[in-house]
1. Enumerate the pairs (first residue in region 94-108 and open to solvent by 50 Å² or more (accessible area, probe 1.4 Å); second residue anywhere and among the hydrophobic types (A, V, I, L, M, F, W, C) and part of a loop (DSSP other than H, G, I, E, B)) with beta-carbon separation below 8 Å, excluding pairs fewer than 6 apart on the same chain, so at least 6 apart or on different chains.
2. Are any residues in region 133-155 among the charged types (D, E, K, R) and either open to solvent by 20 Å² or more (accessible area, probe 1.4 Å) or not in a helix (DSSP H, G or I) (or both), and if so, which ones?
3. Only residues that are in a strand (DSSP E or B) and under 20 Å from A80 (Cα atoms): list them for region 156-167, please.
4. In region 41-93, what count of residues is obtained for those that are over 13 Å from the mean Cα position of the chain (by Cα) and either open to solvent by 60 Å² or more (accessible area, probe 1.4 Å) or of a type in the set (S, T, N, Q) (or both)?
5. For region 86-132, give me each residue that is in contact with a strand residue (DSSP E or B) (Cβ under 9 Å, 6 or more places away or on another chain) and not hydrophobic (A, V, I, L, M, F, W, C).
6. Is it true that G123 is in a loop (DSSP other than H, G, I, E, B), surrounded by fewer than 13 Cβ atoms within 10 Å (Cβ to Cβ) and out of contact with any Phe, Trp or Tyr (no Cβ under 7 Å at 6 or more places or on another chain)?
7. Looking at region 170-185 only, could you name the residues that are in contact (Cβ under 8 Å) with a residue 24 or more places away in the chain and open to solvent by 20 Å² or more (accessible area, probe 1.4 Å)?
8. Every residue in region 23-37 that is open to solvent by 50 Å² or more (accessible area, probe 1.4 Å), out of contact with any Ser or Thr (no Cβ under 8 Å at 6 or more places or on another chain) and within 15 Å of F161 (Cβ to Cβ), please.
Amino acid sequence: MTSDRNNCSLFVPPSIQDHIQGTLNAAVVFVMYGDYECFQSANVYRLIKVAGQQLQVSFGENNLGFIFRHFPQVQIHPHAQRAAEAAQAAAAQGQFWQMHEMLFIHQQELGNGYLVEYANRLGLDISQFLQDLSKRAHVNRINTDIEGGLRSGVEAAPALFINGIRYLDRWTVEQIMAAIVAAND
């Protein structure tokens, strides 16, 4: 795995405040800074999912952890911030990962009407969801993720860290699987 241990380490360590699939104390923990309107972020998320599923058999279910942190690039993706707020509004109702999936699947359709439609499909309390969005209730959380990314040297999404070290190799399932194996050794 190509990495620069001086410049590319994760500033904010994984914690229970993060959105995590798997466990925090897994042998290999991914931290991804992503943008819901970014095609590459969606691709990287899918690659990690595939690699994780393929290695789950040999590693065991609790040896891989995946954390998603928001890094909306509002200067090039006008709907990214609002999509991140929708994900957080869903998280407040216990459905972060369901909304996360929905946003990446439908990343070309992230306008307000679509966000409400996705919330409705997930069975969220629409009144609460809309209230959270209108009050911008989760902006601080998103800004905290962005700040942590910037302090970790992230300049654009997607950015990936494996066990706290920035992943800089090619974005292929094989390369990510190799990085997982190397991080587990």
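1. Q98/L122
2. In the first step, residues of region 133-155 are kept if they are among the charged types (D, E, K, R); the result is 135-136, 141, 145, 147, 151, 155.
Residues satisfying the conditions are K135, R136, R141, E147, R151, E155.
3. Step one: of region 156-167, the residues in a strand (DSSP E or B) are 159-162, 165-166.
Across region 156-167, the qualifying residues are A159, L160.
4. 18
5. Residues of region 86-132 that are in contact with a strand residue (DSSP E or B) (Cβ under 9 Å, 6 or more places away or on another chain), as a first pass: 87-88, 91, 96-97, 100, 104.
Q88, H100 - these are the residues of region 86-132 that are in contact with a strand residue (DSSP E or B) (Cβ under 9 Å, 6 or more places away or on another chain) and not hydrophobic (A, V, I, L, M, F, W, C).
6. Values: in a loop (DSSP other than H, G, I, E, B): yes; surrounded by fewer than 13 Cβ atoms within 10 Å (Cβ to Cβ): yes; out of contact with any Phe, Trp or Tyr (no Cβ under 7 Å at 6 or more places or on another chain): yes.
So G123 fits the description; yes.
7. So the first thing to find is which residues in region 170-185 are in contact (Cβ under 8 Å) with a residue 24 or more places away in the chain, and the list is 171-173, 176-184.
Those that are in contact (Cβ under 8 Å) with a residue 24 or more places away in the chain and open to solvent by 20 Å² or more (accessible area, probe 1.4 Å): W171, T172, V173, M177, A178, V181, A182, A183, N184.
8. Residues satisfying the conditions do not exist here.
The values are calculated or read from the model by the stated rules, or taken from the named source; none is laboratory data. If you're wondering where the values come from, they're calculated on a predicted model, not measured in any experiment. Glycine also receives a Cβ, built like all others from the backbone with ideal geometry; neighbour counts cover every protein chain displayed. These accessible areas exclude ligands, DNA and RNA; they are computed on the full protein's heavy atoms, side chains included. Shrake-Rupley method; radii C 1.70, N 1.55, O 1.52, S 1.80 Å.
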